[in-house]
Amino acid sequence: MLTRRDLLRAAGATTAAALLGCGARARPLVTARAGEAEALRGALRDAVEILATRLREPVAYALVRRRVRAVVDLAQRDVTDATTIAIVVGGRDGAGAWRERAIDRAEPARVRAAAQALVAEAPPGTSTPLAFGAPIDHATALDVEPAGLATGDWLAQAEVVAQRAEATASSRIIYRAAYLTCDDDRSWIVSADADVSQRLVRTRVGATAVAWQGSAPIAGTAEVAGGFGPAHERLGDDALAAMTAEALSLHAASEIATSPSADVVLAPAVIAAIVDAGWAGLGRGGLAVVTDDPALANGFGSYFVDDLGAAAAPIVLGGAPMIAGRARRSQPSWRLATGPSNLVMTLGASDPAALEGQVEDGFVVDGVANLQRDRAGAIALRATRARRIVRGARTGESWRDVELRGDAAAIVTAIRAIGNRAETIAPLDDDRPARAIVVPAVLTRAAIAPARGDW
Amino acid sequence: MTADDDQARLVRALGRHADIEDWTVRLTSTRSAWRAWGDRDQRGAAERTHLTGELHRDQPKGRGSATFALAADGDAQRVIDDAMVRADDATGPVWRTPSPAAPAKVELADPAIDPSALAAQVDALAAAVDAAAGGATIVRALVEIAVDELALSTRRGRRAGWRATRVELSVEVRHAGATGQLERRARRLVDLDLAGGFAAARIAASRASAAPAPPGVYEVVLRAAALLHGGTGLLDAVIAQADPDLDRQGLVRYHVGKPIADGATLSLDSDGTLPFGWWSAPLGDAGEPVRRFPIVTDGVATGLGLDAREAALRGAQPNGGVRGLVVPPGTTDDLIAPTTLVVDELAWLEVEPTTGWFRAAIAGGTIGTTPVGGGVLRGDALALVARARRSRAVIATPRFRGPALWHLGALAVE
């Protein structure tokens, strides 16, 4: 029997087939599986009771992550929807060593079996009294509930972004894409004295446009990322227009002259990459103050409690060691690690024009292709664009593919003016816990050179 | 419910679809144990499964393909439905799945690794690491031993299964006030070469504080560890040109049958059947057989890495793609003069796959007897490795068999 989807496919309307009719079913809601969630929570409590017979600081952790990714470009419309499960039970043995076991199935019997196996391996000699207390549930307030969206809804949101981007385009744009991704994480952490769950939703809405200039493609990108629901409106029309303008911008065929120490106004994406690479070595003393803030409202890297159940407070980098409340787990190993959440730079008073107005002879640097860093902290950031500034005004000269060099901490310390509007940059890095860098444009000094040398 | 149950449900559900022309399902079940020490004292174990596959649907306008993954206790039918929709949205040229061929015969499981005693073996490995560190202080270390059981099934009735072992270690050491890094990945414990690795890490640490190479033009020799930085290193420039996707799109510098660069002398084979090779396997992800094949012979491009689809589109046999790298020995060991810059280790490396352009920072090396701890190299990686003079002395790692020294010629150092 032909379905509506078959008919649409037969008519060549494969996109419509994906968006409409019987192919677009609502997903089962993670939050609707109340029975399963309660069974899992009960199993985690059971596991902690088992762990407490032989371990200190017993903890049982569970994560159910639903990840939806919708992409629309010139050739395809694609949506993927995947679920990841991680269960970890752990504790500290009598000798002080941390022990844990990880599994990827959430059946209560398996969770308990993992705890029993861990206890069997640990030397005897210690135990922990338990006082769970009442369960505490945290959840992000959402403007759009991802669990309520069907497959077609996700694609429709990406389509709207693509259409809005197209409205800013010209015939020189040879490639466009728009995307919307969303991680809907439910985690439960049961320890000797707490039983906490949290739901964290992280969304990215973005687009890219590419134009040819000579023999090289020039790309413009726009993205908004944060701890909010999947709403395409988060990405503004002004950002999409700026994306297209960047792709269409013309650059000199010549290479930028090497300067060992130049005044540079770094766009938020550029200083964010530097802070992300060098945050561990940042000290206090410069104008810029960077804080790791897990409680940042709508922060892409925000959380209520860390993955051991500890509440987290902001910490200014360069002061107290960044340990408390920062035990985090990430795929694929789900091992405990310490890492930043939202690295937030304090805002200054300068609007973008005022920042550039302070430059006698220098450059505005924007667009990050990649950043390389050696063990000593020296970076070589490959930026996509640099524009010349003389006596506070852009000269119209611009170059593509430039390299910014220096010591990451030194570049941050040398900041002498800070912009008054921050952007959130969320690195796409699944092998580390979700994190963001929230920074404005800054004025600092660094070496600048052509990335390709004599190539 | 077990992962095997999930796999069986998925295969049954796929089998009910006459409108799916072909499919492959792959289940990887991993047991592992690990230990971290130095700045922490942690040990753990993990059991994970990864159930993935791909399906192909033939439409009047061509064949559409999609990959999929089924989570534990996931809804197999929903996953298939979604994949079918995506396959129909991603239709390409018509091709037919090649006839099944025999899996490669390759050993991947270290007989010295007992899957039932991984925790004890991790402890033994950690003790061996401590002993091999010698005078260096271990700042932080992580070792992991894993056993993968792989099961692959296809629509056309192929059933294959094999076991593979993995040993990975990452150690940061402090020696003479500077730090060095040791990274190892192998299928066998004996292939870790802890003594050699720590000796290199100690040397690297001692050179980390040395002054950068003064800017200028040098005759540059890369040791294999530097050439292969991050796995395949500068050879990525050649590997990328063997990508049939890039070849078909015209995004390559040469085609099969043409010299890869002026004056090229390089020969390079892919061998996915190296015993205990890191990239070795009997079958590829889609069930295609893995074979040894030449990528470049005497400076002339001779082959591409072909999965089932690319092979079918070209009327060729699949070879499982580019895997372990084999380069024949060079003709001399007289490659280093007193003024030659010998690079032991790179700090970082970037290679553009389509152009072959690279930039790299030197982490440690020597000019004569003078240690150097910095400097940036840039250039055409493809031309440099194609023309490089290679040592007669060879090394063997789980990912590479070939010359220990590569003389790249005169190169500017910034």
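The values are calculated or read from the model by the stated rules, or taken from the named source; none is laboratory data. Computed from a predicted structure; not experimentally measured. Note: ideal-geometry Cβ built from the backbone for every residue, glycine included; neighbour counts use all protein chains shown.
Within the range B:84-123, take every residue that is assigned to a loop (DSSP other than H, G, I, E, B) and among the acidic types (Asp, Glu) and give me the one that is nearest to the chain's Cα centre (by Cα).
Among those that are assigned to a loop (DSSP other than H, G, I, E, B) and among the acidic types (Asp, Glu), it is B:Glu107.
Of the conditions (1) surrounded by fewer than 23 Cβ atoms within 10 Å (Cβ to Cβ); (2) hydroxyl-bearing (Ser, Thr, Tyr); (3) within 28 Å of A:Trp399 (Cβ to Cβ), A:Thr291 fails just one. Which one is it?
(3)
Are any residues in the range A:355-371 surrounded by 19 or more Cβ atoms within 10 Å (Cβ to Cβ), farther than 16 Å from A:Pro440 by Cα and either more than 19 Å from the chain's Cα centre (by Cα) or small (Gly, Ala, Ser) (or both), and if so, which ones?
A:Val359, A:Gly362, A:Phe363
This table checks each residue for (1) farther than 19 Å from B:Gly284 by Cα; (2) touching a residue at least 40 places away in the same chain (Cβ under 8 Å); (3) surrounded by fewer than 20 Cβ atoms within 10 Å (Cβ to Cβ).
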| residue | (1), (2), (3) |
| --- | --- |
| B:Ala176 | yes, no, yes |
| B:Leu189 | yes, yes, yes |
| B:Ala211 | yes, yes, yes |
| B:Val217 | yes, yes, yes |
| B:Leu222 | yes, yes, no |
| B:Gly233 | yes, yes, no |
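Report, ordered by the first and then the second residue, all pairs with beta carbons closer than 8 Å, sequence separation of six or more or different chains, a first member in the range A:47-66 that is on the phi > 0 side of the Ramachandran plot, and a second member that is part of a strand (DSSP E or B) and among the charged types (D, E, K, R).
Sorted first by the residue in the range A:47-66, then by its partner, the pairs are A:Glu57/A:Arg92.
Give the number of residues within the range B:306-327 that are part of a loop (DSSP other than H, G, I, E, B), surrounded by 17 or more Cβ atoms within 10 Å (Cβ to Cβ) and either out of contact with any Asp or Glu (no Cβ under 7 Å at 6 or more places or on another chain) or not assigned by TED's automatic domain parsing to the domain that holds B:Pro244 (or both).
4
Search the range B:26-42 for residues that are more than 10 Å from every other protein chain (Cβ to nearest Cβ) and pair each with any residue that is part of a loop (DSSP other than H, G, I, E, B) and surrounded by fewer than 21 Cβ atoms within 10 Å (Cβ to Cβ) when their beta-carbon atoms are under 9 Å apart and the residues are at least 6 apart or on different chains.
B:Arg26/B:Asp285
Which residue out of A:Ala120, A:Ala131 is part of a helix (DSSP H, G or I) and either more than 30 Å from A:Asp430 (Cβ to Cβ) or at pLDDT 85 or above (or both)?
Going through A:Ala120, A:Ala131 in turn, just one is part of a helix (DSSP H, G or I) and either more than 30 Å from A:Asp430 (Cβ to Cβ) or at pLDDT 85 or above (or both): A:Ala120.
Given the conditions (1) over 25 Å from B:Arg392 (Cβ atoms); (2) crowded, with 23+ Cβ neighbours inside 10 Å, and given that B:Gly277 satisfies all but one, which numbered condition is not satisfied?
Unmet for B:Gly277, out of (1) over 25 Å from B:Arg392 (Cβ atoms); (2) crowded, with 23+ Cβ neighbours inside 10 Å: (1).
Given the range B:140-224, what strands (runs of 3 or more DSSP E) lie entirely inside it while holding 3 or more residues that are touching a helix residue (DSSP H, G or I) at 6+ places or on another chain (Cβ under 7 Å) and of a type in the set (S, T, N, Q)?
Passing ranges: none, list empty.
For the range B:342-351, enumerate the residues that are touching a Phe, Trp or Tyr at 6+ places or on another chain (Cβ under 7 Å) and either surrounded by 22 or more Cβ atoms within 10 Å (Cβ to Cβ) or without any contact (Cβ under 8 Å) to a residue 12 or more places away in the chain (or both).
Those that are touching a Phe, Trp or Tyr at 6+ places or on another chain (Cβ under 7 Å) and either surrounded by 22 or more Cβ atoms within 10 Å (Cβ to Cβ) or without any contact (Cβ under 8 Å) to a residue 12 or more places away in the chain (or both): B:Glu350, B:Val351.
With the condition being in contact (Cβ under 8 Å) with a residue 60 or more places away in the chain, I'd like the strands (runs of 3 or more DSSP E) fully within the range B:371-414 carrying at least 3 qualifying residues.
Answer list for the range B:371-414: B:394-397, B:400-403, B:405-413.
Every residue in the range A:347-391 that is in a strand (DSSP E or B) and without any contact (Cβ under 8 Å) to a residue 24 or more places away in the chain, please.
A:Asn370, A:Gln372
Kindly list, by first and then second residue, each pair from a residue in the range A:92-107 that is more than 7 Å from chain B (Cβ to nearest Cβ) to a residue that is among the aromatic types (Phe, Trp, Tyr) and part of a strand (DSSP E or B), limited to pairs with Cβ atoms under 7 Å and residues at least 6 apart or on different chains.
If the second residue must be among the aromatic types (Phe, Trp, Tyr) and part of a strand (DSSP E or B), the pairs left are A:Arg92/A:Trp98.
State yes or no: is B:Ala361 surrounded by fewer than 18 Cβ atoms within 10 Å (Cβ to Cβ) and either closer than 26 Å to B:Val300 by Cα or not hydroxyl-bearing (Ser, Thr, Tyr) (or both)?
no
Would you please list the contacts, defined by Cβ atoms under 9 Å and residues six or more apart or on different chains, that run from a residue in the range A:407-421 that is farther than 14 Å from A:Val264 by Cβ and outside the structural domain of A:Ala380 (by TED's automatic domain parsing) to a residue that is surrounded by fewer than 18 Cβ atoms within 10 Å (Cβ to Cβ) and among the small types (Gly, Ala, Ser)?
Cβ pairs passing all conditions: none.
Of all residues in the range B:338-358, which are in a strand (DSSP E or B), charged (D, E, K, R) and within 13 Å of another protein chain (Cβ to nearest Cβ)?
Selection gives B:Glu345, B:Glu350.
Can you tell me which of (1) buried (at least 23 other Cβ atoms within 10 Å of the Cβ); (2) assigned to a loop (DSSP other than H, G, I, E, B) is the one A:Ala95 doesn't meet?
(1)
For residues in the range A:279-304 being at pLDDT below 95 and over 19 Å from A:Leu347 (Cα atoms), which is farthest from the chain's Cα centre (by Cα)?
A:Gly281
Part of a strand (DSSP E or B) and modelled with pLDDT under 90: does that describe A:Thr80?
Against the criterion (part of a strand (DSSP E or B) and modelled with pLDDT under 90), A:Thr80 qualifies.
Return yes or no: is A:Val290 over 25 Å from A:Ala177 (Cα atoms), touching a residue at least 12 places away in the same chain (Cβ under 8 Å) and of a type outside the set (Ser, Thr, Tyr)?
Judged against the criteria, A:Val290 is a match.
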